[in-house]
Amino acid sequence: MMPSFPEGKRYNTFVGYFRRTYGERLQKVVLDAGFTCPNRDGSAGRGGCTYCDNAAFHPAYSSPGKPVHEQIDEGIEFHKVRYRKAVHYLAYFQSFSNTYAPLPKLRGLYLDALSHPAVAGIVIGTRPDCVDAEKLDWLAALREGCVLDGWKRTVGGKELAAPVVIVEYGIESCHDRTLRRINRGHDFSCARQAVGMTAERGIPAGAHFILGLPGESREMMLEETDMINDLPLTTVKFHQLQIVKGTAIEKEYALCPDDFVQFSLDGYIDFFSDILERLRPDLYIERFAGEVPPRFVNSTPWGLVRNAELLRLLDRRLEERDTWQGKLLVR
């Protein structure tokens, strides 16, 4: 029997997570705080991940030259067009690795964002090799209300005495061979350890994965669901691989196109339905596909399909197949 998912869906939605937990939608506002990554500065490697161009993945209002509050103000104005009912926001430290600095610097940035009156919490995007016990202990204390005396927000009709804190890890693949090929600079055991340390402290942990990385077959991608299910995650985010201009993976794709699984739109909807059937039903699905602006890619094989239409197509396919998140898991 299908579980009772939020909003009448056949899977757990990220929006539903916030509505269930906090009583209202909390919209992310993307921030660029000027970080870098250890596989860019030589600590773990050079050149960064082969698929990465951060400019393709964050909005124009987000840039490291602007103060945090200015980015938040502009982000709120940007989102008011699509999410008119949003009242509170999450400061989303997205660009590059947002724990890759000494704790005193991180504290200043995070607390600056939390001082904005419309911000109810922070989401920190980072790499598994950029956290440690000291940073996670402080984030746990922040989430438990032990850091900000007098900080209050009324969210969903209830008073929060401590901010929302979520750590989102870019894991990208569970296969070490793939991680080496895309120049991640860490292995999957590092990801497993970081997620475990985060969950042990009561901090909700999210993870990001890319479907269609070079050398991975459909079978390998489906195998990853077992490894994802074993991680103590709260949320997961999936994107199809998009070949961004000027990246190392663009050159690799031109030389070895047969090493890449290429999805049509219908094929991807079907394939992600296969993945959903194998995922734990308690995991909240934040995204299942990405939208890179057309100017960053050489082709848009799916056309200009927006996220709302992708969600509608997924809902319809799940209903047609009479399937849902976790259906194939053995009880």
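Structure notes:
- Qualifying residue in the range 248-268 (condition: open to solvent by less than 10 Å² (accessible area, probe 1.4 Å) and out of contact with any Phe, Trp or Tyr (no Cβ under 7 Å at 6 or more places or on another chain)): yes
- Odd one out for ARG317 among (1) farther than 25 Å from GLY125 by Cβ; (2) out of contact with any Gly (no Cβ under 9 Å at 6 or more places or on another chain); (3) open to solvent by 40 Å² or more (accessible area, probe 1.4 Å); (4) among the charged types (D, E, K, R): (3)
- When the strands (runs of 3 or more DSSP E) confined to the range 187-300 are screened for residues that are among the acidic types (Asp, Glu), those reaching at least 1 such residues are found at 284-287.
- Scoring TYR92 on the criteria (1) surrounded by 18 or more Cβ atoms within 10 Å (Cβ to Cβ); (2) in contact with a Phe, Trp or Tyr (Cβ under 9 Å, 6 or more places away or on another chain); (3) farther than 25 Å from SER189 by Cβ leaves a single failure, condition (2).
- Considering ILE182, ILE203, ILE228, ILE210, the condition of being of a type in the set (Val, Ile, Thr), modelled with pLDDT of 95 or more, open to solvent by less than 30 Å² (accessible area, probe 1.4 Å) and over 17 Å from the mean Cα position of the chain (by Cα) is satisfied by ILE182 alone.
- Scan of the range 18-56 for residues that are assigned to a loop (DSSP other than H, G, I, E, B) and β-branched (Val, Ile, Thr), ordered by number: THR36, THR50
- Under the condition of being crowded, with 18+ Cβ neighbours inside 10 Å and in a loop (DSSP other than H, G, I, E, B), the residues counted in the range 102-148 number 3.
- Considering residues of the range 166-179 that are out of contact with any helix residue (DSSP H, G or I) (no Cβ under 8 Å at 6 or more places or on another chain) and among the charged types (D, E, K, R) only, the residue least open to solvent (accessible area, probe 1.4 Å): GLU168
- Taking each residue of the range 172-185 that is in a helix (DSSP H, G or I) and looking for partners that are hydroxyl-bearing (Ser, Thr, Tyr) with beta-carbon atoms closer than 6 Å, six or more apart or interchain, yields LEU179/SER173.
- Some residue of the range 156-165 being in contact (Cβ under 8 Å) with a residue 12 or more places away in the chain, part of a loop (DSSP other than H, G, I, E, B) and open to solvent by less than 10 Å² (accessible area, probe 1.4 Å): yes
- Applying the criterion of being touching a residue at least 24 places away in the same chain (Cβ under 8 Å), of a type in the set (D, E, K, R) and under 30 Å from GLY246 (Cα atoms) to the residues of the range 275-314, the residue that is most open to solvent (accessible area, probe 1.4 Å) is ARG287.
The values are calculated or read from the model by the stated rules, or taken from the named source; none is laboratory data. A quick note: this is a predicted structure, and the numbers were derived from the prediction, not measured. All Cβ positions, glycine included, derive from the backbone under ideal geometry; neighbour counts span all protein chains shown. Surface accessibility is based on the protein's heavy atoms, side chains included, excluding ligands, DNA and RNA. Shrake-Rupley method; radii C 1.70, N 1.55, O 1.52, S 1.80 Å.
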